[in-house]
1. Going by what's in this entry, would Ile169 be described as assigned to a helix (DSSP H, G or I), exposed (fewer than 14 other Cβ atoms within 10 Å of the Cβ) and aliphatic (A, V, I, L, M)?
2. Restricting attention to the range 175-190, which residues are surrounded by 11 or more Cβ atoms within 10 Å (Cβ to Cβ) and either at pLDDT 85 or above or under 31 Å from the mean Cα position of the chain (by Cα) (or both)?
3. Condition test on Lys138, is it basic (Lys, Arg), free of Cβ contacts under 8 Å to residues at least 40 places away in the same chain and either open to solvent by 70 Å² or more (accessible area, probe 1.4 Å) or not assigned by TED's automatic domain parsing to the domain that holds Leu196 (or both)?
4. Can you name every one of the helices (runs of 4 or more DSSP H) wholly within the range 73-164 that holds 1 or more residues which are modelled with pLDDT of 90 or more?
5. For the range 101-124, state whether one or more residues are open to solvent by less than 20 Å² (accessible area, probe 1.4 Å), under 22 Å from Val86 (Cα atoms), touching a residue at least 24 places away in the same chain (Cβ under 8 Å) and out of contact with any strand residue (DSSP E or B) (no Cβ under 9 Å at 6 or more places or on another chain).
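The values are calculated or read from the model by the stated rules, or taken from the named source; none is laboratory data. Please read all numbers here as calculations on a predicted model, not as lab measurements. Cβ placement follows ideal geometry from the backbone for every residue including glycine, while neighbour counts extend to all protein chains displayed. Surface areas here come from the heavy atoms of the whole protein model, side chains and all, with no ligands, DNA or RNA. Shrake-Rupley method; radii C 1.70, N 1.55, O 1.52, S 1.80 Å.
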Amino acid sequence: MRAERSTIVFNVMGYVVITVLTLLCALPFWLILSGSFSAEDDIIRDGFKLFPDHFSIDAYKSVFSNPAQIFKAYEVTIGVTVIGTVLGLFITSMAGYVLSRKDFKYRDKLSFFIYFTTLFSGGLIPWYIMIVNYLDWKDSYLALVVPSLLSAWNIILMKNFMKSIPDSIVESAKIDGAGEFTIYWKLILPLSTPGLATIGLFLGLSYWNDWFSANIFITTESKYPLQFLLYKILASAAVLKTSIAGNLGADFKPPAETLKMAVAIVVTGPIIFLYPFVQRYFVKGLTIGAVKG
């Protein structure tokens, strides 16, 4: 009885703590959402509140005053995110599979070189020169997709996860005459769903939030991803130069504070719905990859 009572008390305290932490984590996002629907004067006068005093959609009018431009940016961002995530998962999982195999002769040497890149890098200028002068990817979608396909951290995480798969599965497949790619594609990948979901979430968030690559490589406005387009809208000089203010009338003054909140909602809203689909795999994939040597 005493053990059961202590378990109930522990569970109640755990639920209370988790609920409080959840509310604290959700509070900033709720304030952003409320601020995006508030009147600009209310924000300046009273600051942010849990519920707007005067409901206003002026900030969203400013963001979507040129809907074709916004939807085109969404199209670019979604395309880059989907293509980059799928290709990144394919290449990362292949690298993780090879490095997890004990019969691969150069496994330790290649693992060292991959880990070495986490300690040192060539720097921004050599990277820019390579992308622009040698690869000729200036103003190309390849500059948004290819550089982020592989990450040393993701390869190490996938390698450690695949090492947790019993070697007997590979050995039995070889006895049945399966080749290396068949083993990887039909056996290892289906068993690596938690690891793939975890790394896929990392890749998807990385591509979705990337605005810096577009800032230095993309010059055509129709190729702007969503984050970079909204970054330009938020810039104090860029807001006045874009067609946003003109489309809404000469007397209209684009909001400042509420515009920031609306931009944050527009950027984070769609990608935040990705997490519930991978949540059940996320913790398992992350913890297994972290503890396996």
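1. Working: assigned to a helix (DSSP H, G or I): yes; exposed (fewer than 14 other Cβ atoms within 10 Å of the Cβ): yes; aliphatic (A, V, I, L, M): yes.
Spelling it out, Ile169 is indeed assigned to a helix (DSSP H, G or I), exposed (fewer than 14 other Cβ atoms within 10 Å of the Cβ) and aliphatic (A, V, I, L, M).
2. Glu180, Thr182, Ile183, Tyr184, Trp185, Lys186, Leu187, Ile188, Leu189
3. no
4. On the way: elements: 107-116, 124-129, 142-145, 152-162.
Where helices (runs of 4 or more DSSP H) fall fully within the range 73-164 and carry at least 1 residues being modelled with pLDDT of 90 or more, they are 124-129, 142-145, 152-162.
5. As a first pass, look at the range 101-124 and keep what is open to solvent by less than 20 Å² (accessible area, probe 1.4 Å): none.
No, every residue in the range 101-124 fails to be open to solvent by less than 20 Å² (accessible area, probe 1.4 Å), under 22 Å from Val86 (Cα atoms), touching a residue at least 24 places away in the same chain (Cβ under 8 Å) and out of contact with any strand residue (DSSP E or B) (no Cβ under 9 Å at 6 or more places or on another chain).
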